[in-house]
Amino acid sequence: MTSLATLAAADGAATAATGITAYAWLLVALPMLGAAVLLLGGRATDKWGPLFATAMSWAAFVVGAIIWISMVGRDPGARAASLHLFSWVPAGSFNVDAGMLVDQLSVTFVLLVTFVGSLIHVYSLGYMEHDPDKRRFFAYLNLFVAAMLLLVLADSYLLLYVGWEGVGLASYLLIGFWNHNPAYATAANKAFVVNRVGDFGLSVAIMIMFAAFGTVSFAGVQQAAQGGAGEGVLTAIGLMLLLGACGKSAQFPLQSWLGDAMAGPTPVSALIHAATMVTAGVYLVVRSGFIFHGAPNAQLVVVIVGAITLLFGAVVGCAKDDIKKALAASTMSQIGYMMLAAGLGPVGAAFAIFHLLTHGFFKAGMFLGAGSVMHGMNDQVDMRRFGGLSGAMKITWVTFGLGWLAILGVPPFSGFWSKDKIIEAAFIGEGWRPWVFGLTALIGAGITAFYMSRLFFMTFHGKKRWTDDVHPHESPRTMTVPMMVLAVGSALLGLVLSIGGTFTHWLEPITGSHGEEHPVLSVPVITILTLVLVIGGIALAWMRYWRDSVPVAQPTGSLATRAARRDLYQDDVNEGVFMRPGLHLTRALVFADNRGVDGGFGGLAALVGGTSSRLRRLQNGFARSYALTMLAGVVVILGALWVIQ
Amino acid sequence: MPAVTVLAAPMVPAAFKAADVSYGAIAPMLIVVAGALVGVLVEAFAPRRVRHTTQLALALVTLVAAFVVLVTVSTKATNRGGTLAQAVIIDGPSLFLQGAILLMSVLGVLTMAEKFGGQGSDAFTPMGAAVPGSAHEAAALRAGLATSEVFPLTLFAVVGMMLFPAAGDLLTMFVALEVLSLPLYLMCGLARRRRLLSQEASLKYFLLGAFSSAFFLFGAALMYGYAGSLNIADIATAVSGASANLEGLLLPGVVFVMVGLLFKVGAVPFHSWTPDVYQGAPTPVTGFMAACTKVAAFGAILRIVYVGIEANRWDWRGGIIAVAALTMVVGAVLSVTQTDVKRLLAYSSIAHAGFILVAVLSFDRTGVSGTLFYLVAYGFMTIAGFAIVSMVRQGGSEASHLSQWAGLGRNHPVVAGVFAFLLLAFAGIPLTSGFTAKFAAFSPAVAFGGTSGVALVVIGVLCSVITAFVYVRLIVLMYFTEAPAGEAVVAETASPYTTIAITVGTLVTLVLGVLPTQVLDLAERSSQFLLK
């Protein structure tokens, strides 16, 4: 079976950072400086601010790249380095130090975040050119990059939590960037509220760690987790971490916010809601591998959540007509794949990160492509009004097409190398699991092929269904160049990184090594089955959305289609489960309806609320009752102490 | 016959010796007493027009001077130790807490001085029967019935608060308790608006306060019966020696004394007064009281527990553990259904009292420093929080109902933003002092509190989640809910006094969250109690 022994050896050996790695703090400081200058500088920085922010982001990439190169030069065992920043909370015998952990996993993220992030900064220079609040936008982007880097570089769960909240804040600010539109402001609020639910999970996990182990650093928790911590504790921590991951990564049952988050400017959707922030949950689960290793039940729940989400997103993606929402559903589904792989433990964790990396490229590329389409089509998003754009926007068509081939998993494009491996890994195991999870992943691949081809054909092929006033045109260079760069990544990154298993070996010290494992079906069979399903999906989409004409108005559709259009009623469910304690309660408060307050709680909250209103009756305002309470308290305490004595 | 000779002997003590007084050590308290007395004279003789300004200046100068002297005093080792026949003990904890009380009262006095453009202090009434803004009130003002007596009253209360944690014997502690309580009873009844609520609060606080004082006094008497001394260090000797005859008096004595102190911090089941009084009292007084009384009373609890009765803690510990757990749970659970922001903060203060008790119950020096740090963090955020509550108005009076806070973030982003930050600090979110404080309070409990310590921390964490929900809900209400129709709720433009108080409180909350090292170190160094 799998073993984490190597993990312990490598992580325990995280040496103090020297050389360029000692400057890892610059990674966070540079974009933070950019955000500070732009936000504090006010209108004075309007002119050069966006360029400055872009430069800061590239500077962070350069620092990251140099750190990476110096890391490659070292032995695999000596690559991880820790960087002590300052003593944050020295409280008696417990200390929390703010420090950074620069290892293979975090450097991978640093490169992804800074590279894709910088490209998107460049793209935004063109996309946001005419926006009066451009400076604020770039400040938020820089803030996001800084927070995201803090998240992945933190060496303790606590500092990670700070970054976690930081990216949440930046995401909230950017979704609601055009908050003059009330619908967009509502979308931002929804993301905020749903993310709070997840964040509570993470904070409770940290508190349990602290209560149980007395430490919250990765190294300390790992030591405790491997040093005989009870399975119950680890399961509790694991499930709470998973709740946090579900909120941030839009996984079932906290997935509802991602579709609405598309209200933000498209570069934001590409960077935050496709390539980086939403994958933080996967990072958290992989980083906490030592906890999940000791809690098989929590691990199983991770896999189940991933499997449900990957189907859920795929089904929703089939029915969406809004190009960005269809892409968002696809993001959700792809992260489901990563979550599933992360939950499989060492067998799949490396592929989870690998897919995360390739997905970061092709999905960001496709989002930028969608932005480019919208740019040329007067900001329309309804794919029923697109069609035949391949002639009008050649570069967008080609770059988007490469992303499309990549996400489909067509060899030799990037997605094939990562997604196919996840499907294989899902088939590994004993009993019912490999069959259920493997087949889910397999079917998911087929649906993915259908809805992505639907999206691609509806947008770029078939008849032109344009409204009368649009004149599609190719976007300016600042926008197309980043798309081209990402398209190269979509095409080649997977191949390059999987020659000789380069990437999985690179991550092995973090994800743990595993022995030779064989899927329940042989590998060629899985690959061929996948390809057959993918081709079937493409063919079906071709018949319905290229060959046949697509109606301009949305047809009523079957019951299933309508359900998928409504995101499988996730909002309706959430309204009952999550939004009522929040929204209903605040609304009830506004109308001062005390009974409404009590009635609006659900589940545990109802218990607290009910107890609260019952206890409240003791607070009746009579001094005599208060005195009686005190007296009763004294009598009970004294009586109990006497009895015990 | 020997008995007769004893009786016949003269009843004169062998040699009467006056107690040594180390004036340096008690100089800060003397300064505040002097300031308060001068304040009484000012109240009597200064012309009405300058009275408010004079009183304010006097109070501020007194408090700042006392703080400066306190800092000077604390640097000299000879000033440490017992003085006035061990009635007052000046040691690390008492110096730390006295300094905290002085700084917090400066902010408290600043908020009390707020006029909002009116003639006198906005929060206080010049005449019990007058309606705010009425001709009656104007007449009262013309007749010279000003509202400035609140400043000397505050100074008297501060003296009691400073003496409370420094008291070396139970009698001094009782005197301090009364000195700090009596002015507070009065100040609670001075509200200019919602007079009945305020008077009711004052009376309730007085009645229940008297009730709890009686417990304290009775407990002190029982302890004297047990140990033959009121001195806390002597009681400690008796407890650890276990040589006393009247063993059975100790436990009820401990319980009664603790009841008197737990009442002051608002621990369950001695908390019932807190919401009513916090709601009824003038808001600046609520802020002052919530912060400074808690500091003083926890100081006294620390001294009793860590110096006096630690040796037999196994006998009485269970009771206080139950109180701490109950306090956290009741404070957190009841805060969920509150609809008045002042009552909400009152229940929050109850929950915080529970969190602090968790630190006290760790029975380790780090527990003392955790408590000290928590008190500072909580005090500053509370004063700033109540100062903001006093600014948010509808139709001239405080908009204390939660529904009135809806949509505040849209019209007053800065005020709502600062309040949201303070709420996050109450909730204990990282990068605020609330987080550091919870960390400092809970870690010794985990390390040294044994099973019960861990259990208390688990309860504390769960309760934090409940209260965090309450605070976040209020933030959501301020930012994401449309303002109700009707007269607009506004945040009044505050004078520099209130602005300074809020700014300082908020900055301290931020700094203690981001760079708490200095203050944590200071608390650590100040955590050693002296016996004499």
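The values are calculated or read from the model by the stated rules, or taken from the named source; none is laboratory data. On a predicted model such as this, the values are computed, not experimentally measured, just so you know. Counting neighbours? That spans all protein chains shown, and the Cβs are built from the backbone with ideal geometry, glycine included. Surface areas here come from the heavy atoms of the whole protein model, side chains and all, with no ligands, DNA or RNA. Shrake-Rupley method; radii C 1.70, N 1.55, O 1.52, S 1.80 Å.
The set of residues in the range A:609-631 being farther than 18 Å from B:L334 by Cα, open to solvent by less than 50 Å² (accessible area, probe 1.4 Å) and more than 7 Å from every other protein chain (Cβ to nearest Cβ) is empty. Every condition in (1) more than 13 Å from every other protein chain (Cβ to nearest Cβ); (2) open to solvent by less than 10 Å² (accessible area, probe 1.4 Å) is met by B:L334 except one, and the failing one is (1).
Where residues in the range A:200-256 are of a type in the set (A, V, I, L, M) and in contact with a His (Cβ under 9 Å, 6 or more places away or on another chain), which of them is surrounded by the fewest Cβ atoms within 10 Å (Cβ to Cβ)? Filtering the range A:200-256 for residues that are of a type in the set (A, V, I, L, M) and in contact with a His (Cβ under 9 Å, 6 or more places away or on another chain), the one surrounded by the fewest Cβ atoms within 10 Å (Cβ to Cβ) comes out as A:A225. Only one entry of B:A210, B:A157, B:A166 meets the criterion of being farther than 28 Å from B:A66 by Cβ and either out of contact with any Pro (no Cβ under 7 Å at 6 or more places or on another chain) or modelled with pLDDT of 95 or more (or both), and that entry is B:A210.
Kindly indicate whether B:D340 is among the acidic types (D, E), over 26 Å from B:V465 (Cα atoms) and surrounded by fewer than 24 Cβ atoms within 10 Å (Cβ to Cβ). It is false that B:D340 is among the acidic types (D, E), over 26 Å from B:V465 (Cα atoms) and surrounded by fewer than 24 Cβ atoms within 10 Å (Cβ to Cβ). Being of a type in the set (A, V, I, L, M) and at pLDDT 85 or above: is that true of A:L202 here? When the stated conditions are applied, A:L202 passes them.
For the range B:355-406, give me each residue that is outside any helix (DSSP H, G or I) and over 30 Å from B:A445 (Cβ atoms). Within the range B:355-406, B:V392, B:R393, B:Q394, B:G395, B:G396, B:S397, B:E398, B:A399, B:S400, B:H401, B:A406 meet the criteria.
Scanning the range A:422-437 for residues that are touching a residue at least 60 places away in the same chain (Cβ under 8 Å) and either part of a loop (DSSP other than H, G, I, E, B) or crowded, with 22+ Cβ neighbours inside 10 Å (or both) gives A:I422, A:I423, A:E424, A:A425, A:A426, A:F427, A:G429, A:F437.
On the stretch given as the range A:319-341, residues that are more than 22 Å from A:A187 (Cα to Cα) and over 13 Å from the mean Cα position of the chain (by Cα) total 2. When the range B:35-56 is filtered for residues that are of a type outside the set (K, R) and open to solvent by less than 50 Å² (accessible area, probe 1.4 Å), the ones remaining, listed by number, are B:G35, B:A36, B:G39, B:V42, B:E43, B:A46, B:H52, B:Q55, B:L56. A search for C-beta distances below 9 Å between a residue of the range B:209-224 that is within 10 Å of chain A (Cβ to nearest Cβ) and any residue that is open to solvent by 50 Å² or more (accessible area, probe 1.4 Å), counting only pairs 6+ apart in sequence or on different chains, returns B:F211/A:L631.
Within the range A:458-468, identify whether any single residue is surrounded by fewer than 20 Cβ atoms within 10 Å (Cβ to Cβ) and either small (G, A, S) or under 26 Å from the mean Cα position of the chain (by Cα) (or both), and answer yes or no. Checked against the condition, which is being surrounded by fewer than 20 Cβ atoms within 10 Å (Cβ to Cβ) and either small (G, A, S) or under 26 Å from the mean Cα position of the chain (by Cα) (or both), the range A:458-468 yields no hits at all. Of all the residues in the range A:197-219, those that are assigned to a helix (DSSP H, G or I) and either within 24 Å of B:S452 (Cβ to Cβ) or within 10 Å of chain B (Cβ to nearest Cβ) (or both) number 13. Taking into account only those residues within the range B:459-501 that are of a type in the set (S, T, N, Q) and surrounded by 21 or more Cβ atoms within 10 Å (Cβ to Cβ), which is farthest from the other protein chains (Cβ to nearest Cβ)? Ranking the qualifying residues of the range B:459-501, first place goes to B:T498. With respect to (1) within 13 Å of another protein chain (Cβ to nearest Cβ); (2) on the phi < 0 side of the Ramachandran plot; (3) open to solvent by 10 Å² or more (accessible area, probe 1.4 Å); (4) among the hydrophobic types (A, V, I, L, M, F, W, C), the lone exception for B:F380 is condition (1). Listed by position, the helices (runs of 4 or more DSSP H) contained in the range B:107-200 that have at least 1 residues being more than 23 Å from B:Y278 (Cβ to Cβ), open to solvent by 30 Å² or more (accessible area, probe 1.4 Å) and small (G, A, S) are B:135-142.
Among the residues of the range B:289-307, some residue qualifies, meaning at least one is away from every other protein chain (no Cβ under 11 Å), open to solvent by less than 10 Å² (accessible area, probe 1.4 Å) and among the aromatic types (F, W, Y). Helices (runs of 4 or more DSSP H) fully within the range A:96-188 that include at least 1 residues being basic (K, R) and closer than 30 Å to A:M484 by Cβ: A:134-153. Pairs meeting the criteria (first residue in the range A:622-645 and at pLDDT below 90, second residue of a type in the set (S, T, Y) and surrounded by 13 or more Cβ atoms within 10 Å (Cβ to Cβ), beta carbons under 6 Å, at least 6 apart or on different chains) are A:Y626/B:S272; A:T629/B:S272.
Residues in the range B:59-69 that are more than 12 Å from B:E149 (Cα to Cα) and touching a helix residue (DSSP H, G or I) at 6+ places or on another chain (Cβ under 7 Å): B:L60, B:T62, B:L63, B:V64, B:A65, B:A66, B:F67, B:V69.
The set of residues in the range B:319-340 that are free of Cβ contacts under 8 Å to residues at least 12 places away in the same chain and in a helix (DSSP H, G or I) contains only B:A322.
Rundown of residues vs (1) buried (at least 20 other Cβ atoms within 10 Å of the Cβ); (2) on the phi > 0 side of the Ramachandran plot; (3) within 14 Å of another protein chain (Cβ to nearest Cβ), yes/no style:
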| site | (1), (2), (3) |
| --- | --- |
| A:P132 | no, no, no |
| A:R136 | no, no, no |
| A:V145 | yes, no, no |
| A:V152 | yes, no, no |
| A:S156 | yes, no, yes |
| A:G166 | yes, no, yes |
| A:W178 | no, no, no |
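Given A:A81, A:A59, A:A55, A:A98, which one is out of contact with any Pro (no Cβ under 9 Å at 6 or more places or on another chain), open to solvent by 10 Å² or more (accessible area, probe 1.4 Å) and among the aliphatic types (A, V, I, L, M)? After ruling out the rest, the residue left standing is A:A55.
For B:Q528, the criteria (1) modelled with pLDDT of 90 or more; (2) surrounded by fewer than 22 Cβ atoms within 10 Å (Cβ to Cβ); (3) assigned to a helix (DSSP H, G or I) hold in every case but one, which is (3). Filtering the range B:110-144 to residues that are touching a helix residue (DSSP H, G or I) at 6+ places or on another chain (Cβ under 6 Å), farther than 14 Å from B:R51 by Cα and modelled with pLDDT under 75 leaves B:M127, B:A130. Is it the case that the range B:423-441 has a residue that's surrounded by 20 or more Cβ atoms within 10 Å (Cβ to Cβ), without any contact (Cβ under 8 Å) to a residue 12 or more places away in the chain and over 23 Å from B:T283 (Cα atoms)? Taking every residue of the range B:423-441 in turn, at least one turns out to be surrounded by 20 or more Cβ atoms within 10 Å (Cβ to Cβ), without any contact (Cβ under 8 Å) to a residue 12 or more places away in the chain and over 23 Å from B:T283 (Cα atoms).
Of the candidates B:A501, B:A441, B:A416, the single residue that is closer than 21 Å to B:G395 by Cα, modelled with pLDDT of 85 or more and of a type outside the set (S, T, Y) is B:A416.
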